1. Could you tell me which of the residues Thr335, Thr306 is closer than 17 Å to Leu281 by Cβ and either touching a Lys or Arg at 6+ places or on another chain (Cβ under 6 Å) or at pLDDT below 95 (or both)?
2. Would you call Leu620 surrounded by 20 or more Cβ atoms within 10 Å (Cβ to Cβ) and in contact (Cβ under 8 Å) with a residue 12 or more places away in the chain?
3. I'd like the residue in the stretch 188-216 that is more than 50 Å from the chain's Cα centre (by Cα) and of a type in the set (Gly, Ala, Ser) and, out of all such residues, is surrounded by the most Cβ atoms within 10 Å (Cβ to Cβ).
4. Could you give every pair whose Cβ atoms fall below 6 Å, whose first residue belongs to the stretch 252-264 and is over 18 Å from Thr306 (Cα atoms), and whose second residue is assigned to a helix (DSSP H, G or I) and among the hydrophobic types (A, V, I, L, M, F, W, C), counting only separations of at least 6 or pairs across chains?
5. Say whether the condition of being part of a loop (DSSP other than H, G, I, E, B), more than 19 Å from Ser168 (Cβ to Cβ) and charged (D, E, K, R) is met by at least one residue in the stretch 245-261.
6. State the number of residues belonging to the stretch 137-196 that are acidic (Asp, Glu), under 29 Å from Tyr353 (Cβ atoms) and part of a loop (DSSP other than H, G, I, E, B).
7. Please verify whether the stretch 155-170 includes one or more residues that are more than 24 Å from the chain's Cα centre (by Cα) and aromatic (Phe, Trp, Tyr).
8. Step by step: first the residues of the stretch 67-101, then only those that are buried (at least 19 other Cβ atoms within 10 Å of the Cβ) and among the hydroxyl-bearing types (Ser, Thr, Tyr), then the one that is farthest from Ser111 (Cα to Cα). Which residue is that?
Amino acid sequence: MFRSIIFFIFLSSISAVFAQGKAKQVLLDSVITLRKMAQNRDIQNKDRLEFALRAQELSKQIDEDSTILKSNRVLSSIYLDTDDYQPFGFINHENLKLSQKLKDSTIWAYSHHNLGYYFYTQLNNDSSYYHYFNAAKLYRALRDIKNEGEVLLNMADIQESEKDYIGSENNAIRAISLIETLPQNENNLETLWSLYNLLGVNTFRLGQYDDALRYHEQALEFSDKMEDNYVYNIFSRNNIALAYRELKNYDKALEEHNRLLDDKKLIANFPEAYASYLNNLAYTKFLSKRFDDDQIQQEFMKAYETCDTLNEPKRMMFICNNIAEYYMSKQQLDTAYFYAKEAYKYGRESQSYEEVLVSLKFMSNIKGGEEGRAYLNEHIKLNDSLLQIERSIRNKFAKIEFETDQIKAENVQISRERLIFLLSSVGLLVTLLLLYIIITQRAKNKELEFSQKQQQANEEIYNLMLAQQDKIDEGRTKEKKRISEELHDGILGRLFGTRLSLDSLNLQQTEEAVKTRGQYIEELKSIEQEIRKISHDLNADFVTGSSFTDIIKTLIDNQTQAYQLTFDYYEDDEIDWDGLSNKTKIHVYRMLQETMQNIYKHANANHIKISFQLKNNVILLMVEDDGDGFNTGKARKGIGIKNFESRASEIGGKVEIFSKIGHGTRVKIHVPL
């Protein structure tokens, strides 16, 4: 009973799981369709976002982490395309957790990469560097050279902006060693240009102008290989000009400046760059001391006015400091002070404190006295503050890397402890499973042993049946032979003698005598032929090869007599009973016996039909009765019917029962040869 309940629960669970699985597949198909539509860039971003949000919603209904993660990634890409950074950051935080849970290192790396960019847009360089650092380590483990190189570029860029020039240089060199192993396509060339340009900026900041010039020239070489290289070229040439200026090679510097400013597209497409480059030209001319003041002043003023209309405080700061220095050299202190004050204002506004220091120094020198000392004190305080920040920044990124590695080491230890616990749990479960298997196997062995004993008993019963039938057949054969000999040697001999005597009477020639003798003689011939036929039939061994058929017929005869039933029997002559195993014959015998017993017990029948037919290499045993019949849909399977079906299953056959109340029952048993 308990097993039946468990089996029923199991079937119910399977049905529920199947139904649930089908519904889940429908949802998953919808999610996949929505994702494809969200990734179609021919559709407006607003509609793409709606598709992606719907895909995410359905994914959460499916409640599979991998499905949610894939939908989140599509949503993340749309937020990035639309510069919607707050939800972009939120979704990548979620992706980070899911990828860690799923141990998907690729998505884990992408999530760190995206979060690094998100925090960069929020001007949170510490968090940005932390996520870029983790992304780089994961890309390295994945052997993803391209992404590792690009992330190292981003880390180096952050370090340069925080004045960690040595750290920036190290990461840039590491990135170059990776990207240079890749094919020189447009994207990789752009990355290499950015890396060499960054190396040039770092070495320039460190006062290593020869190295800066070399790096910027290498950057220009990569730019020249790019198809859309205009912006990269003008940046590199401006940086080359500045490096030449610091090396006091003013001719080369002016050559690069003039080449840039002679470009007609520059002022039309990039007026802010034009203003900066014009300021650089004027300042280089000022330092070279080979140009007249009117020309220099005109170029400074044109740069100032152009930039002033563009609302570019950072560029205005540089221009104003350069103009202030120029007028200080000319001892036009009021004008110099005005531009130094302007530079100070723009520097504070853009938080460019290095240029603020320059403007404070200028104002201190210009004003002198108490006012000059006030500017000088502010300069000292700001300079000390910047030095303190720089000292902390130099160690900040190394500290981030150290702490991240330390956290990873702790996580490894925790993972190791969890693994030990997991292995212990698995070991315990395996032990319990083995115990269960051993107990179950013992029960199965006992059941198999019982089945084998039952099979052996069946074989013995069948052999006894065959032996009994052999003895019966042997007795029949002996009896038939005895009768045959008596008929042949006794009766036939006497009749033959009588015929001869009658032949002798034929000497009497009366018509009546002849007619009478002829009749007797013909009659005796007829008797002689009949006796010969009987003798021949009795002496023939017609039992050969039909022992199992005789057993079946004996069973039918005995059962129908005991149950007071009439019967019709048919057997297909093409059935080769010798080709069947003893096991199959026993099961056929038992199933026929069980069927007839069921007819006697339940059917109230008067007549039965039994037939053995050969169809498509299958023996079909069919038993029909004219009894009461029953409702097969409502009938419960008793032990008899279960045993019936079990026997059929053991020989690879099947049982079919057809019945209707008031119309009898038909049982079909299929026995494969």
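1. Thr306
2. no
3. Ala212
4. Correct list of pairs: Ala253/Ala241; Glu256/Ile240; Glu256/Ala241.
5. Yes, that holds for at least one residue.
6. Our first condition is that a residue be acidic (Asp, Glu); within the stretch 137-196, this holds for 144, 148, 150, 157, 160, 162, 164, 169, 180, 186, 190.
Those left that are additionally under 29 Å from Tyr353 (Cβ atoms): 157, 160, 162, 164, 169.
Now restrict to residues that are part of a loop (DSSP other than H, G, I, E, B): 162, 164.
Number satisfying all stated conditions: 2.
7. Yes, the conditions are met somewhere in the stretch 155-170.
8. Here the residue is Thr67.
The values are calculated or read from the model by the stated rules, or taken from the named source; none is laboratory data. The structure presented is a predicted model; accordingly, all values stated were derived computationally and were not measured. Note: ideal-geometry Cβ built from the backbone for every residue, glycine included; neighbour counts use all protein chains shown.
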